[in-house]
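Colleague: Submitted below is the structure of interest, expressed as structure tokens.
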Amino acid sequence: MDVAQIARRALGATGVDVTVFGLGGEGVLRTFGHDASARDVIDAALDEGVTYFDSARAYAGSEEYYGATLGAARDRIFLTSKSHDRTRRGALAMLDQTLANMRTDRLDLWQLHDLRTWGELDEVSAPGGAYEAFVEAKRAGKTRFIGLTGHHDPAVLSAAVERLRFDTLLIPINPCEPRGRAFAATTGALAREREIGVIGMKVFSRGLLRNFQGAPSARELMDYALSQPVDVVIIGCDDVAQVRENAAAARVFEPMPLERQRALEERLRPLASDALYYRGSI
């Protein structure tokens, strides 16, 4: 497919450049039994030149869809997944299942999925906790990099970034967030100081910010998200048309002036509480 390239940014201090738009592991990929539609979405992202591909052990058949579709393309993309098990043994078992599902011998990025509470942080960082699995997997070459994800409590995520060493951080980025828990201004800023790659998610708040009269366009929300201190934003897609729309918006990205950002935040103020709710339903 002869299309203009999507811009790339360095992913923190990893030494890897990725496209500013990545395919999220939700949308049609977070299903079972929609093999043809999932394959079409993955193939469309590859055709558009997307290099960052997201998944998780918790995302239904997402990993299997990738394994059945990528083939030789696996070696030219940045392939990611996540584990939600909080123990070393359980996380390593999940990683082995992930690799089998994706039909590969290594990930580019393996992430500790959806850290929410202080108790979970203590559990994963204790002896026998999941963080040991991540360090072990990186040393063994089963993953190039390790990351942290969350959308519940930025204070917990910030403490995790300070206590443990990660290569990347995945947090919500959309115009409703500054009126909520402000992940970008807190944990995101801390990650930037430490040269940790920052990945944005929930750019459309799972479609909430696109599905009302007078809703902002994909271009507006993409411009807003990529104007924040992030390296890449991931968006789950229901169909090929959404992949094309998001890739097109990423290609023509222009930094959004601060006054326009604030105006968009104000425009979406009535949706902020709903967006915060949807952010939690992962």
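Colleague: Normalising by the residue count of the range 8-280, find the relative contact order in percent from Cα pairs under 8 Å and 6+ residues apart.
Modeller: Numbers: 547 pairs, mean separation 59.3, N = 273.
In percent, rounded to a whole number, it is 22.
Colleague: Could you give the length gained by full extension between Asp75 and Ala241, i.e. 0.36 nm per residue of separation minus their alpha carbon distance, to one decimal place? Each step should come with its number before you reach the end.
Modeller: Details: separation 166, 0.36 × 166 = 59.76 nm, distance 2.54 nm.
Contour length minus Cα-Cα distance gives 57.2 nm.
Colleague: Also, I was wondering about something else. Specify which residue in the list Tyr131, Ala44, Ala249 is farthest towards the positive end of the charge dipole of the chain, using unit charges on the beta carbon of Lys, Arg (+1) and Asp, Glu (-1), about the Cα centre.
Modeller: Farthest along the dipole direction, towards plus: Tyr131.
Colleague: For Ile171, Ile6, what's the fewest-to-most ordering of other Cβ within 10 Å of each Cβ?
Modeller: Numbers: Ile171 25, Ile6 22.
So the ranking, lowest neighbour count to highest, is Ile6, Ile171.
Colleague: Please check: in the Gaussian network model of the chain (C-alpha springs, under 10 Å), which one of Ser81, Ser55, Ser37 has the largest mean-square fluctuation.
Modeller: For the chain, modelled as a Gaussian network with Cα springs under 10 Å, the answer is Ser37.
Colleague: Which of Val28, Val203 has the fewest other C-beta atoms within 10 Å, and how do the rest follow up to the most? Kindly include the intermediate steps, with their values, before the conclusion.
Modeller: Working: Val28 23, Val203 27.
The fewest-first ordering by Cβ neighbours comes to Val28, Val203.
Colleague: Amide H of Gly236 versus every other amide H placed in the peptide plane: which residues, excluding those fewer than 5 positions away on the same chain, fall under 5 Å?
Modeller: Amide H neighbours of Gly236: Gly24, Glu26.
Colleague: Below 8 Å between Cα atoms, with a sequence gap of 6+, how large is the relative contact order for the range 1-110 in percent?
Modeller: On the way: 165 pairs, mean separation 25.7, N = 110.
Once divided by the residue count of the range 1-110, the mean separation gives 23 percent.
Colleague: Report the FRET efficiency, 1/(1 + (r/R0)^6), for Arg139 and Asp35, where r is their Cβ-Cβ distance and R0 is 25 Å, rounded to 0.05.
Modeller: Details: r = 35 Å, r/R0 = 1.40.
That gives a FRET efficiency of 0.10.
Colleague: Can I ask one more? Taking H as built 1.01 Å from N, whose amide H comes closer than 5 Å to the amide H of Thr31, not counting residues under 5 places away?
Modeller: Gly61, Ser62
Colleague: While we're looking at this one, here's another question. Tell me, what is the FRET efficiency for Asp105 and Ala263 to the nearest 0.05, using R0 = 51 angstrom and their Cβ-Cβ distance as r? Write out the running numbers ahead of the final one.
Modeller: On the way: r = 48 Å, r/R0 = 0.95.
Efficiency, from the Cβ-Cβ distance: 0.60.
Colleague: Suppose we flag chymotrypsin sites (Phe, Trp or Tyr not before Pro) only when DSSP calls them loop and at most 15 other Cβ atoms lie within 10 Å. Which is the longest uninterrupted stretch of the chain?
Modeller: Result, exposed sites excluded: 33-211.
Colleague: Estimate the FRET efficiency between Asp43 and Trp118 by the formula 1/(1 + (r/R0)^6), using the beta-carbon distance for r and 35 Å for R0, to the nearest 0.05. Show your work: numbers first, answer last.
Modeller: Working: r = 42 Å, r/R0 = 1.21.
E between Asp43 and Trp118, to the nearest 0.05, is 0.25.
Colleague: Another question, then. Between Ser125 and Arg163, 0.36 nm times their residue separation minus their Cα-Cα distance comes to what? Provide the component values of the computation, followed by the final result.
Modeller: Numbers: separation 38, 0.36 × 38 = 13.68 nm, distance 0.83 nm.
Full-extension gain reported as 12.9 nm.
Colleague: Another question about this same structure. So what is the 222 nm mean residue ellipticity for the chain from helices alone, if each DSSP H run of at least 4 adds -39500 (n - 2.57) and you divide by all residues, rounding to the nearest 500 deg cm²/dmol?
Modeller: Numbers: 11 runs with 109 residues, N = 282.
Calculated mean residue ellipticity at 222 nm is -11500 deg cm²/dmol.
Laboratory data are not the source of any read-out in this text; all were calculated from the coordinates shown. Note that the structure is predicted; figures quoted are calculated from it, not measured. Note that each Cβ is placed from the backbone with ideal geometry, even for glycine, and that neighbours are counted across all protein chains shown.
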